[in-house]
Amino acid sequence: MLCVEPGDYAENLIWGGAAAHLIGVAGTRQTLLDGTGTGNVVVFENGETAAAVLQGFTITHGSSTSGGGIRITAASPTLVDLVVEANIVMDPYGESMGGGIYLVDSQATLSRVTVSNNESLGPNGGDGGGVYMVTSSPLLDNLDIVGNLSHMNLSGGQGGGLYLDSSTPA
């Protein structure tokens, strides 16, 4: 277990397949992982299992084309006691997906997670302002999705709060 003291940390973390437990010991409002608008804040894309745990943080100011706050692809980490807010995805040439959280091919666990005030926008639509979920079957326990937006310039954006396709969350 890696314990993180209260503070505002400028980070763009790539988990790298580790079975690590990263915990903000003072909780979400006192321990922030701030992407500073320079990419995804946290990325799980190396087959991480439930043993990869992110707990007790606010994930904020991520910016990318998919998964501004947290991007999960072909991995199934455990996310606990998180606030994912004020992240944005924007693809100037195509479709943007998952302002707050992007889940593709995942069986992640999300427990006591709030996803708020995130945005997805692009000329061909922005899908899943809060959460974008495709071909996934995550376990969702007390997931709050509030105040997220999906914008488009030329064609339809879908799912301001949640975009769901070929997925079966429990």
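The values are calculated or read from the model by the stated rules, or taken from the named source; none is laboratory data. Computed from a predicted model, the values in this text were never measured in an experiment. Cβ atoms come from the backbone with ideal geometry, glycine included; neighbour counts cover every protein chain shown. Only protein heavy atoms, including side chains, enter the accessible area calculation; ligands, DNA and RNA are left aside. Shrake-Rupley method; radii C 1.70, N 1.55, O 1.52, S 1.80 Å.
Condition check ((1) assigned to a strand (DSSP E or B); (2) in contact with a Leu (Cβ under 6 Å, 6 or more places away or on another chain)) across all residues:
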| site | (1), (2) |
| --- | --- |
| V89 | yes, no |
| Y102 | yes, no |
| T114 | yes, no |
| G129 | no, yes |
| N142 | yes, no |
| I145 | yes, yes |
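Taking segment 52-68, which residues are open to solvent by less than 50 Å² (accessible area, probe 1.4 Å) and either part of a loop (DSSP other than H, G, I, E, B) or not aliphatic (A, V, I, L, M) (or both)?
Once the filter is applied, which keeps residues that are open to solvent by less than 50 Å² (accessible area, probe 1.4 Å) and either part of a loop (DSSP other than H, G, I, E, B) or not aliphatic (A, V, I, L, M) (or both), segment 52-68 yields A52, Q55, G56, F57, T58, T60, G62, S63, S64, S66, G67, G68.
Is it fair to say L139 is surrounded by fewer than 22 Cβ atoms within 10 Å (Cβ to Cβ), over 14 Å from the mean Cα position of the chain (by Cα) and modelled with pLDDT of 95 or more?
When the stated conditions are applied, L139 passes them.
State whether the residues of segment 111-120 include one that is open to solvent by less than 40 Å² (accessible area, probe 1.4 Å), over 20 Å from Q158 (Cα atoms) and in contact (Cβ under 8 Å) with a residue 12 or more places away in the chain. Steps first, please.
First, pick out the residues of segment 111-120 that are open to solvent by less than 40 Å² (accessible area, probe 1.4 Å): 111, 113, 115-116, 118, 120.
With the extra rule that they be over 20 Å from Q158 (Cα atoms), the set shrinks to 111, 113.
Checking the rest, the ones that are also in contact (Cβ under 8 Å) with a residue 12 or more places away in the chain come to 111, 113.
Yes; the residues of segment 111-120 include at least one that is open to solvent by less than 40 Å² (accessible area, probe 1.4 Å), over 20 Å from Q158 (Cα atoms) and in contact (Cβ under 8 Å) with a residue 12 or more places away in the chain.
In segment 93-110, which residues are at pLDDT 95 or above and over 13 Å from the mean Cα position of the chain (by Cα)?
Listed by number, the residues that qualify are D105, Q107.
Here's the yes/no breakdown for (1) over 20 Å from T135 (Cβ atoms); (2) open to solvent by 40 Å² or more (accessible area, probe 1.4 Å); (3) free of Cβ contacts under 8 Å to residues at least 24 places away in the same chain; (4) in contact with a Lys or Arg (Cβ under 9 Å, 6 or more places away or on another chain):
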| residue | (1), (2), (3), (4) |
| --- | --- |
| L2 | yes, yes, yes, no |
| E5 | yes, yes, no, no |
| Y9 | yes, yes, no, no |
| L33 | yes, no, no, no |
| T36 | yes, yes, no, no |
| N46 | no, yes, no, no |
| I70 | no, no, no, no |
| V83 | yes, no, no, yes |
| Y93 | yes, yes, no, no |
